[in-house]
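The values are calculated or read from the model by the stated rules, or taken from the named source; none is laboratory data. All of these numbers come straight from a predicted model, not from anything done at the bench. Every residue, glycine as well, gets a Cβ built from its backbone with ideal geometry; the counts of neighbours run over all protein chains shown.
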Amino acid sequence: MIQTLFGSLDEPKKSGVFDRMREAVSRTRESLSDKIEGVVALTREVDEAAFEELEGVLLASDLGMTTTTVVLGALRERARREAIRDGAELKALLKAELLRILNKKSGLPPRRITPPEVVFLVGVNGTGKTTTSGKLAAWYRAQGKTVLLCAADTFRAAAIEQLEVWGQRAGVEIIKTRQGGDPSAVLFDAVTAANARRTDLLLVDTAGRLHTKTGLMAELEKMRRTAQRIIWDAPHEVLLVLDATTGQNGMQQAKLFTESAGVTGIVLTKLDGTAKGGIVVAIAQELELPVRFVGVGEKMGDLLAFDSEAFVDALLGE
């Protein structure tokens, strides 16, 4: 199930994990599930016309042409091998195919045996990267982990102050320098501190770097080398923070970051504010990267560990 462990930090726990995910994907469900129900209701016989109708529905929800083609190809193959009797069975098979794609890469990675575990958060400005760093700190603290934050986004005005606010809310110490300082220098201090204290996790908020700026990507590589001077296999996770409302435009960001920054997982923010939730499936299919967490609001507790079954059930109905 999706884990949400912040009830005591923000507000009374909501009615349940499925309900929270259902709320988060409500806009996508309006454009996807309702239209699929229309296809199902009209489909007495699953033929090419039904597949063409379904194609339009999936594209409208931002699965993208590549992923939509894969999904429909699997359904057509199933129909060829053994007849799909009606629209209800078509919907059930669609759910199964979406789950197959999402489950290829899913869940949280195994924890490092010897702390600290170093996690870089990367992405362009405006995706919610600094906010996500603070929410992740609270998420892991709620699991009983010790956490340290590193304010390595020294370029963006007020980024350090913003992370300080989130660190205070989460009850987590922050290692920082002045604005305009050397990100690798503050990272060195943070890794040294985390290593000496045997802190479970060090979360590093990196600069919001444009994927087209090779100099900024070189800075990220410098930070990687800096961390490895102290902990040879750091960073152990590189999370790309993507804004779900950008849909397929975010896919291009993800592809370029994956090539240059060694991304290992995705944090998808603002899922509650888009009708393009199909981007979750596109990420899993095209990038073969797991969505680790989803942001479903602005409060501390509005970060959920992603669960594929709850997502698909919320999207298409149980």
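The residue pairs whose first member lies in segment 115-138 and is farther than 24 Å from Ala196 by Cα, whose second member is of a type in the set (Asp, Glu) and modelled with pLDDT under 95, and whose beta carbons are closer than 7 Å, counting only pairs six or more residues apart or on different chains, are Gly126/Asp243; Thr127/Asp243; Gly128/Asp243; Thr130/Asp153. Put simply, of Glu309, Glu286, Glu298 the only residue that is among the acidic types (Asp, Glu) and in contact with a helix residue (DSSP H, G or I) (Cβ under 6 Å, 6 or more places away or on another chain) is Glu286.
Scanning segment 262-291 for residues that are in contact with a strand residue (DSSP E or B) (Cβ under 7 Å, 6 or more places away or on another chain) and over 19 Å from Val238 (Cα atoms) yields a total of 2. Step by step: first the residues of segment 139-188, then only those that are free of Cβ contacts under 8 Å to residues at least 24 places away in the same chain and within 18 Å of Leu303 (Cα to Cα), then the one that is farthest from the chain's Cα centre (by Cα). Which residue is that? The qualifying residue farthest from the chain's Cα centre (by Cα) is Gln168. Would you call Asp62 closer than 21 Å to Ala284 by Cα, in contact (Cβ under 8 Å) with a residue 24 or more places away in the chain and not hydrophobic (A, V, I, L, M, F, W, C)? Yes: the conditions hold for Asp62. Within the set Asp233, Asp272, Asp243, the sole residue that is within 19 Å of Leu121 (Cα to Cα) and surrounded by 22 or more Cβ atoms within 10 Å (Cβ to Cβ) turns out to be Asp243.
Residue by residue, here is whether (1) surrounded by 22 or more Cβ atoms within 10 Å (Cβ to Cβ); (2) within 24 Å of Asp233 (Cα to Cα); (3) not β-branched (Val, Ile, Thr) holds:
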position	(1), (2), (3)
Thr132	yes, yes, no
Ala142	no, no, yes
Ala151	yes, yes, yes
Ala157	no, no, yes
Leu163	yes, no, yes
Gln179	no, no, yes
Val191	yes, yes, no
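Does Ala60 count as loosely packed, with under 13 Cβ neighbours inside 10 Å and either at pLDDT 70 or above or in contact with a strand residue (DSSP E or B) (Cβ under 8 Å, 6 or more places away or on another chain) (or both)? For Ala60, the condition - loosely packed, with under 13 Cβ neighbours inside 10 Å and either at pLDDT 70 or above or in contact with a strand residue (DSSP E or B) (Cβ under 8 Å, 6 or more places away or on another chain) (or both) - is not met.
Please enumerate the residues belonging to segment 11-53 that are under 21 Å from the mean Cα position of the chain (by Cα), modelled with pLDDT of 70 or more and either surrounded by 14 or more Cβ atoms within 10 Å (Cβ to Cβ) or aromatic (Phe, Trp, Tyr) (or both). The answer is Phe18, Arg20, Met21, Arg22, Glu23, Ala24, Val25, Ser26, Arg27, Thr28, Arg29, Leu32. Scanning segment 226-249 for residues that are part of a helix (DSSP H, G or I) and at pLDDT below 95 turns up Ala244, Thr245, Thr246, Gln248, Asn249.
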